[in-house]
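Quick note: the coordinates plus some simple rules give every number you see, no bench work behind them. All figures in this text were calculated on a predicted structure; none of them were measured in a lab. Note that each Cβ is placed from the backbone with ideal geometry, even for glycine, and that neighbours are counted across all protein chains shown.
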2 protein chains.
Amino acid sequence: MNEQIDEKLNSREIKPTAMRELVLKLMMEKLSAISLPELEEQLSYADKATLYRTLKTFEKNKLIHSINDGNGPLKYALCMDDCECEPEELHIHFSCTVCNKTYCLNEIPVPKISLPKGFNLTSVETVVKGVCANCIS
Amino acid sequence: MNEQIDEKLNSREIKPTAMRELVLKLMMEKLSAISLPELEEQLSYADKATLYRTLKTFEKNKLIHSINDGNGPLKYALCMDDCECEPEELHIHFSCTVCNKTYCLNEIPVPKISLPKGFNLTSVETVVKGVCANCIS
DNA sequence: GTTAATTTGCAACTCCGTTGCATTTATTAT
DNA sequence: ATAATAAATGCAACGGAGTTGCAAATTAAC
């Protein structure tokens, strides 16, 4: 499984350090998006700045993407393999108002928007809020 | 015109203090959304906490709504008259990557999203990024 | 006018994100 | 293999946004 992790890092041209392997492993195990503060908590021995820079590196190289759910700190989730984060590849995100977890809805692409004349579109971000299947019971 | 402002405040059951009139006046003059830090800058004599609480009061009473454009501080814009901020009344927002201004696209409703079974939807937020008509020339 | 309730101003504080810099670790050249 | 170079990490500190407690001032109610 460490091979799988290193493979993932290599495929995005990120040098596989111990720290990076740890962070990626943790993110692969989680179903929901994770924030820097959460990461700090879960890898308590690790330094905040290092984790911060790790996330930034991952994001720059499109291994992960950031999600602004308007609810506390910025969250991060894994990109799909080979995703280049082009507008047509983007999906919507779901933020549960009960458990506060944020999920990628990879099956639901971001909506197509026709802007008024003279506007130039580069990206669309959609966050849906509500109660997730786990919390709705 | 002060009458118009007080009328707007009254219609949302907000007591018209001098501070609130000033903030509302400023927001009515602006075409783009405004953040707390910007408000502080433009009403330099006013206190941050007061402006903060003014915005919170306005928001609670649906005179304004907040916009999380993922680009710096939270921004606020006027609601349409009689808007109750129900999901079906919501519009999308546009954030210009050049001038950094954020606009309400009141004519473009938020997209309809069908969530997977078991999910309960309460709101949809869509932010479009790109270059606005002013900056595109 | 006096009392009660609301609003404002000031100070302080927390949290998140970010940076500078020294130290350590990895890579490359000799 | 060793020295020189580059990259990553750890520690400390900082700044901005958002928020709160509390006292003073303003407004509303009696």
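If the requirement is being within 30 Å of B:Ser114 (Cβ to Cβ) and in contact with an Asp or Glu (Cβ under 7 Å, 6 or more places away or on another chain), which of these qualifies: B:His65, B:His91?
B:His65
Residues that are within 9 Å of another protein chain (Cβ to nearest Cβ) and either surrounded by fewer than 20 Cβ atoms within 10 Å (Cβ to Cβ) or touching a helix residue (DSSP H, G or I) at 6+ places or on another chain (Cβ under 6 Å) (or both): does region A:78-95 have at least one?
no
Can you tell me which residues in region B:57-72 are surrounded by 13 or more Cβ atoms within 10 Å (Cβ to Cβ) and either on the phi < 0 side of the Ramachandran plot or aromatic (Phe, Trp, Tyr) (or both)?
Of everything in region B:57-72, those that are surrounded by 13 or more Cβ atoms within 10 Å (Cβ to Cβ) and either on the phi < 0 side of the Ramachandran plot or aromatic (Phe, Trp, Tyr) (or both) turn out to be B:Thr57, B:Phe58, B:Glu59, B:Asn61, B:Leu63, B:Ile64, B:His65, B:Ser66, B:Ile67, B:Asn68, B:Asp69, B:Asn71.
Taking B:Thr17 as meeting all but one of (1) within 20 Å of B:Cys83 (Cα to Cα); (2) out of contact with any Asp or Glu (no Cβ under 7 Å at 6 or more places or on another chain), write down the number of the exception.
Every listed condition holds for B:Thr17 apart from (1).
Can you pull out every residue in region A:32-51 that is free of Cβ contacts under 8 Å to residues at least 60 places away in the same chain, out of contact with any Pro (no Cβ under 7 Å at 6 or more places or on another chain) and more than 7 Å from DNA strand D (Cβ to nearest atom)?
Those that are free of Cβ contacts under 8 Å to residues at least 60 places away in the same chain, out of contact with any Pro (no Cβ under 7 Å at 6 or more places or on another chain) and more than 7 Å from DNA strand D (Cβ to nearest atom): A:Ile34, A:Glu38, A:Leu39, A:Glu40, A:Glu41, A:Gln42, A:Leu43, A:Ser44, A:Tyr45, A:Leu51.
Within region A:105-124, restricting attention to residues that are crowded, with 16+ Cβ neighbours inside 10 Å and closer than 17 Å to B:Lys112 by Cβ, which residue is nearest to the other protein chains (Cβ to nearest Cβ)?
That would be A:Pro111.
Any idea which of (1) within 11 Å of chain A (Cβ to nearest Cβ); (2) within 15 Å of the chain's Cα centre (by Cα) is the one B:Thr102 doesn't satisfy?
(1)
Of everything in region B:1-35, what is closer than 21 Å to B:Lys101 by Cβ and away from DNA strand C (no atom under 12 Å from the Cβ)? Give them in sequence order.
Of everything in region B:1-35, those that are closer than 21 Å to B:Lys101 by Cβ and away from DNA strand C (no atom under 12 Å from the Cβ) turn out to be B:Lys25, B:Leu26, B:Met27, B:Met28, B:Glu29, B:Lys30, B:Leu31, B:Ser32, B:Ala33, B:Ile34, B:Ser35.
Test each condition in (1) in a loop (DSSP other than H, G, I, E, B); (2) of a type outside the set (Lys, Arg); (3) within 14 Å of DNA strand C (Cβ to nearest atom) for B:Phe58 and report the one that comes out false.
It fails just one condition, (1).
Restricting attention to region A:57-74, which residues are over 14 Å from A:Lys15 (Cα atoms), more than 14 Å from chain B (Cβ to nearest Cβ) and within 12 Å of DNA strand D (Cβ to nearest atom)?
Result: no residue meets the conditions.
Looking at A:Tyr76, A:Tyr103 in this structure, which one is of a type in the set (Phe, Trp, Tyr) and more than 19 Å from A:Glu40 (Cα to Cα)?
Testing whether each residue is of a type in the set (Phe, Trp, Tyr) and more than 19 Å from A:Glu40 (Cα to Cα) leaves just A:Tyr103.
Name the single residue, out of those in region B:82-128 being in a loop (DSSP other than H, G, I, E, B) and in contact with a Lys or Arg (Cβ under 8 Å, 6 or more places away or on another chain), that is nearest to A:Pro87 (Cα to Cα).
B:Thr97
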